[in-house]
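Q: Here's a structure for you.
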Amino acid sequence: MEETRVALIGIIVENYESVEALNALLHDYREFIISRMGLPYKHKDINIISIGIDAPVDIINALTGKIGRLDGISSKTIFSKSLEK
């Protein structure tokens, strides 16, 4: 079994036309997602989403890269320091 890492992907949505594509990506990676929390920030007209994920590093990087290429969506990833225990 391939080693996995726990990571947190932070997502800022500024273009609501890209939300359907974002949701499709998250659906494609659903087997690795352990949590999802979305917060609308109406004052700035954006949404803030955090995704907890447990997956091999290449899977996490692939998802983060695909999210970052969506129009009007930004993402950053924080990895846990340790590998799967």
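Each value in this text was obtained by applying a stated rule to the coordinates, not by laboratory testing. Quick caveat, the model's predicted, so the values are computed rather than measured. No Cβ is skipped: glycine too gets one built from the backbone with ideal geometry, and neighbour counts run over all protein chains shown.
Q: Of all residues being assigned to a helix (DSSP H, G or I) and of a type in the set (A, V, I, L, M) in the range 13-27, which is farthest from residue 60 (Cα to Cα)? Just the residue, please.
A: Going residue by residue through the range 13-27, those that are assigned to a helix (DSSP H, G or I) are 16-27.
Filter once more, so that each one left must be of a type in the set (A, V, I, L, M): 19, 21-22, 24-26.
Values: 19: 19, 21: 17, 22: 15, 24: 16, 25: 12, 26: 11 Å.
Applying the filter and picking the extreme gives 19.
Q: Same structure again: Among 51, 60, which is over 17 Å from residue 15 (Cα atoms) and either out of contact with any strand residue (DSSP E or B) (no Cβ under 7 Å at 6 or more places or on another chain) or part of a strand (DSSP E or B) (or both)?
A: Numbers: 60 fails: either out of contact with any strand residue (DSSP E or B) (no Cβ under 7 Å at 6 or more places or on another chain) or part of a strand (DSSP E or B) (or both).
Sole residue among the options that is over 17 Å from residue 15 (Cα atoms) and either out of contact with any strand residue (DSSP E or B) (no Cβ under 7 Å at 6 or more places or on another chain) or part of a strand (DSSP E or B) (or both): 51.
Q: Now a separate question. Out of all the residues in the range 28-37, is one or more exposed (fewer than 10 other Cβ atoms within 10 Å of the Cβ), assigned to a strand (DSSP E or B) and of a type in the set (A, V, I, L, M)? Before the answer, list the steps.
A: At the first step, the residues of the range 28-37 found to be exposed (fewer than 10 other Cβ atoms within 10 Å of the Cβ) are 30-31, 37.
Now restrict to residues that are assigned to a strand (DSSP E or B): 37.
Pick out the ones that are also of a type in the set (A, V, I, L, M) and you get 37.
Yes, that holds for at least one residue.
Q: For a quick check of your reading of the model, give me the residue pairs whose first member lies in the range 45-59 and is under 17 Å from residue 18 (Cβ atoms), whose second is of a type in the set (D, E, K, R), with beta-carbon atoms closer than 8 Å and at least 6 apart or on different chains.
A: 45/14; 46/14; 49/36; 51/36
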